[in-house]
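**Student:** My questions will all concern the structure given below.
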Amino acid sequence: MALPRPGFRTWLTLLLLALGGGLALLDLRDPSPTGQVPRDAAGEPDFYLENARLTRFDSGGRPHQRVTTPRLVHTPVDDVTRLETPLARLHDREGRLWLAEADSGELGPGGNPLLLDGDARLRAPAERWELETETLHYDADTGHAWSTTPATLRQPPQRMSGERFDAWLHDNRARLTDNVRGHHPPETSEESSP
């Protein structure tokens with residue numbers, strides 16, 4: 001005696017159960033991580049971004065600070081954003097461009113100040129000078145950049161070094177202090193003739 005053939009509803013029920021089981025197995029797998037989530041003394045981050053570009057605007061709505069980084073991590077406990085190899089484009093009130101970069105960086109609470117650490121550099125392309133130091137701070141609200149670590153200021157063919165550096169970007173002035181040394185080659189007759 002032959003068994004009755006299963007009906008359409010039975011096959012549909014079995015198909016749906018098999019599909020549900022397969023989807024449940026897929027859901028149990030761990031998702032592939034895009035990168036390691038950093039943890040430190042400041043706690044677990046609430047977010048991190050890869051290949052990020054941040055833009056801050058002044059009170060007039062003009063962009064005055066842009067930071068590009070391959071990875072940033074924000075921790076809510078201290079409201080600090082940590083940056084890997086940041087490249088900053090800073091604009092003063094006159095619209096002049098200043099470039100800053102370092103091995104790592106931090107944006108303080110509320111996005112200010114910017115701290116650049118490890119082989120920090122600040123360049124003023126229009127004036128053709130470059131500052132090299134270990135740690136550089138920048139307050140975007142006042143336009144003040146400073147370093148309390150030894151710094152070297154170069155404007156070819158001259159260079160100067162000192163223990164402390166200050167620059168007021170809005171005023172287009174800079175100052176080296178404490179144990180300042182410099183190399184200023186004399187002007188040659190070829191340079192002085194028109």
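**Student:** Of His183, His91, His74, which has the largest mean-square fluctuation in a 10 Å C-alpha GNM of the chain?
**Tutor:** His183
**Student:** Normalised by the number of residues in the chain, what is the relative contact order in percent for Cα pairs under 8 Å and 6+ residues apart? Before the final figure, lay out each step's value.
**Tutor:** On the way: 381 pairs, mean separation 18.7, N = 194.
So the answer I get is 10 percent.
**Student:** Test of the criteria: in the range 107-193, which trypsin sites (Lys or Arg not before Pro) are in a DSSP loop and have at most 15 other Cβ atoms within 10 angstrom of their Cβ? Don't skip to the end; give the middle numbers.
**Tutor:** Details: sites: Arg121, Arg123, Arg128, Arg154, Arg159, Arg164, Arg173, Arg175, Arg181; in loops: Arg128.
Of the trypsin sites (Lys or Arg not before Pro), the ones in loops of the range 107-193 whose Cβ has at most 15 other Cβ atoms within 10 Å are Arg128.
**Student:** Take Leu19 and Glu50, extend 7 Å from each Cα along the Cα→Cβ direction, and tell me the distance between the two endpoints in nm.
**Tutor:** 3.3
**Student:** Sticking with this one: Among [x] 18.7; [y] 19.1; [z] 20.7, only one was calculated for this model; which label is it, if the read-out is Kirkwood radius over Cα pairs in Å?
**Tutor:** Working out Kirkwood radius over Cα pairs in Å from the coordinates points to [z].
No lab work stands behind these numbers, since they all come straight from the coordinates. Every value quoted in this text rests on a predicted model; they were computed, and no experiment measured them. No Cβ is skipped: glycine too gets one built from the backbone with ideal geometry, and neighbour counts run over all protein chains shown.
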